[in-house]
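Shown next, in structure tokens, is the structure this report addresses.
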Amino acid sequence: MTHATESRIPSDAENEVVQLCSELIQIESVNTGDLATIGDGEALAAKYIQAKLDEVGYETTYLESIPGRGNVICRLKGADPSRGALLIHGHVDVVPANAAEWTVDPFSGAIQDGYVWGRGAVDMKDMVAMTLAVALDFKRRGVVPPRDLIFAFMSDEEAGGYYGAIWLVENHPELFAGATEAISEVGGFSISLDETRRAYLIAAAEKGVAWATLKASGTAGHGSMTNSDNAVTRIAAAVTALGSYEFPIVRTATVDAFLAAMTRLTGVEFPDDDLEGSVSKLGGIARIVNSTLRNTANPTMLNAGYKMNVIPSTAQACVDCRVLPGTEDSFRKLVSEIVGPDVQIEWVWNPPLEVPFEGALVEAMKAALLSEDADGTAIPYMLSGGTDNKIFATLGIQGYGFSPLRLPSDLDFSALFHGVDERVPVDALTFGTRVLDTFLRTC
């Protein structure tokens with residue numbers, strides 16, 4: 001056996017990650033959020049991963065929460081069993097894609113123009129492929145990491161994790177026994193500071209996901225008659241009020257740390273009286289950062305009525321709310337005040353997450369990045385979306401977004417998530433695989 005501090009991953013493993021990513025993309029593991037239309041793509045993707053892991057000698061556990069919703073987990077024993085295990089997790093599901101809008105078939109996994117193309121390329125079959133490539137190489141070479149590593153590949157993250165991480169945590173917590181820390185999406189990617197320097201953003205916080213279903217009742221009647229108790233009017237007014245409301249800016253520790261680091265690295269100041277305008281100078285990443293300065297509530301669906309000339313007795317709307325750490329109670333109260341007493345709210349909560357950007361694990365991330373990019377600097381940031389790290393936090397596992405990628409300066413990375421022509425640079429995949437290899441040997 002080789003010791004975990006020896007030489008970096010070999011070039012054949014770096015090459016393997018590109019093919020793994022392409023093949024994973026070709027498995028149409030689309031999560032529509034509707035059980036009637038999802039199919040068995042997630043199970044096929046999980047079984048593909050399981051077969052690769054089994055082939056090199058891992059003892060894998062494959063579980064389906066319900067038919068077609070596959071999850072696979074395995075563990076690699078480390079040198080020091082007294083240390084807490086590190087969980088490396090990713091999701092195999094992807095959001096739908098409209099092929100008519102794409103330059104390539106979104107499920108082709110095409111390798112062209114220096115990129116791997118397709119739905120899931122950055123969210124998050126790139127990290128799944130990098131994790132799998134390193135896990136396979138470690139087993140083949142007999143690498144013993146410094147601590148136990150738990151590799152978990154799960155379904156349903158794109159619809160809340162109910163048939164993936166949540167189901168596993170509630171029904172099979174023993175699979176994660178001893179885990180104290182975790183890494184997953186979305187972090188460790190680079191933004192260019194100038195022609196030679198890059199900052200690598202590690203997610204040390206995530207906004208909470210709060211899905212609100214607004215419901216209004218009224219008096220049913222004929223569409224030709226006056227009606228002062230119209231449920232559609234009531235829900236429309238509530239949606240307009242909430243969707244157009246500008247929530248106040250809230251300063252959080254992680255965002256403040258990010259802004260302080262950017263000032264140090266670039267000289268850009270972020271004054272309170274023009275905070276969002278100053279953030280907008282940061283380029284593509286501003287789309288994410290500005291979303292972490294305040295709570296948001298975006299209406300996404302409306303549902304009312306069944307016939308043109310019938311006033312329905314009920315109407316409802318769905319609102320995707322994203323909530324900053326420490327503001328959950330005040331946010332709920334404010335939303336209730338905005339929509340008014342005549343509209344009921346049903347909440348589905350996945351709370352925000354914020355962890356310290358310090359300690360041995362963070363230092364290992366920084367060192368692994370520097371080993372491949374001496375001009376790089378790792379800094380914390382807050383993810384405006386959510387990941388399964390929130391779910392594993394209920395087991396006391398401290399999770400970070402660390403899926404390392406060195407990106408071209410002209411690539412609008414944040415726009416690729418759930419976007420058209422989603423793709424990941426081949427060079428970024430091989431870079432990330434080397435970084436991940438070094439990190440897992442030294443974590």
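Worth pointing out:
- Odd one out for ALA97 among (1) of a type in the set (A, V, I, L, M); (2) under 18 Å from the mean Cα position of the chain (by Cα); (3) surrounded by 24 or more Cβ atoms within 10 Å (Cβ to Cβ): (3)
- Candidate set from segment 342-359 (those that are charged (D, E, K, R) and more than 28 Å from GLY284 (Cα to Cα)); member that is surrounded by the fewest Cβ atoms within 10 Å (Cβ to Cβ): GLU346
- Picking from residues in segment 325-352 that are modelled with pLDDT under 95 and in a strand (DSSP E or B), the one that is farthest from the chain's Cα centre (by Cα) is VAL348.
- Scope segment 360-408; condition surrounded by 19 or more Cβ atoms within 10 Å (Cβ to Cβ), β-branched (Val, Ile, Thr) and not in a loop (DSSP other than H, G, I, E, B); matching residues: VAL362, ILE379, ILE391
- Check on GLU276, surrounded by 13 or more Cβ atoms within 10 Å (Cβ to Cβ) and of a type outside the set (Gly, Ala, Ser): yes
- Residue within segment 357-374 that is closer than 22 Å to ARG264 by Cα, basic (Lys, Arg) and free of Cβ contacts under 8 Å to residues at least 24 places away in the same chain present: yes
- Hits in segment 231-273 - residues which are of a type in the set (Lys, Arg) and surrounded by fewer than 19 Cβ atoms within 10 Å (Cβ to Cβ): ARG251, ARG264
- The listed residues are ILE379, ILE391, and the only one of them that is in contact (Cβ under 8 Å) with a residue 60 or more places away in the chain, touching a Leu at 6+ places or on another chain (Cβ under 7 Å) and among the aliphatic types (A, V, I, L, M) turns out to be ILE379.
- Any hit, segment 303-324, residues being surrounded by 16 or more Cβ atoms within 10 Å (Cβ to Cβ), out of contact with any strand residue (DSSP E or B) (no Cβ under 8 Å at 6 or more places or on another chain), touching a residue at least 12 places away in the same chain (Cβ under 8 Å) and assigned to a loop (DSSP other than H, G, I, E, B): no
Residue by residue, here is whether (1) in a loop (DSSP other than H, G, I, E, B); (2) hydrophobic (A, V, I, L, M, F, W, C) holds:
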site	(1), (2)
ALA415	no, yes
GLY419	yes, no
GLY432	no, no
VAL435	no, yes
PHE439	no, yes
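- Checklist (1) touching a strand residue (DSSP E or B) at 6+ places or on another chain (Cβ under 9 Å); (2) surrounded by fewer than 17 Cβ atoms within 10 Å (Cβ to Cβ); (3) in a loop (DSSP other than H, G, I, E, B) applied to SER228, failing item: (1)
- Residue within segment 176-188 that is surrounded by fewer than 24 Cβ atoms within 10 Å (Cβ to Cβ), in contact with a helix residue (DSSP H, G or I) (Cβ under 8 Å, 6 or more places away or on another chain), closer than 30 Å to LEU334 by Cβ and at pLDDT 95 or above present: no
- Scanning segment 186-219 for residues that are touching a Cys at 6+ places or on another chain (Cβ under 9 Å) and acidic (Asp, Glu) returns no hits.
- Test: residue in segment 409-423 that is at pLDDT 95 or above, surrounded by 22 or more Cβ atoms within 10 Å (Cβ to Cβ), assigned by TED's automatic domain parsing to the domain that holds VAL116 and in contact with a strand residue (DSSP E or B) (Cβ under 6 Å, 6 or more places away or on another chain): yes
- Selection of first residues in segment 168-186 that are in the same structural domain as MET154 (by TED's automatic domain parsing) and of second residues that are surrounded by fewer than 14 Cβ atoms within 10 Å (Cβ to Cβ), restricted to Cβ pairs under 8 Å at least 6 apart or on distinct chains, gives the following pairs, ordered by first then second residue: VAL169/THR394; THR180/GLY396.
- Here LEU383 meets the list (1) touching an Asp or Glu at 6+ places or on another chain (Cβ under 7 Å); (2) at pLDDT 95 or above almost entirely, failing just condition (2).
- Flag if ASP123 is buried (at least 24 other Cβ atoms within 10 Å of the Cβ) and either part of a loop (DSSP other than H, G, I, E, B) or at pLDDT below 95 (or both): yes
- Enumeration of residues in segment 133-188 that are closer than 27 Å to TRP347 by Cβ, touching a strand residue (DSSP E or B) at 6+ places or on another chain (Cβ under 9 Å), of a type outside the set (S, T, N, Q) and part of a loop (DSSP other than H, G, I, E, B): ASP156, GLY160, GLY161, TYR163, GLY164, HIS172, GLU185, VAL186
- Residue match in segment 90-111 (condition: more than 23 Å from PHE417 (Cβ to Cβ), touching a Gly at 6+ places or on another chain (Cβ under 9 Å) and either part of a loop (DSSP other than H, G, I, E, B) or at pLDDT 95 or above (or both)): no
The values are calculated or read from the model by the stated rules, or taken from the named source; none is laboratory data. Since the structure is predicted, the reported quantities are computational estimates derived from the model, not experimental observations. Cβ sites come from the backbone with ideal geometry, for glycine too, and all protein chains shown count toward neighbours.
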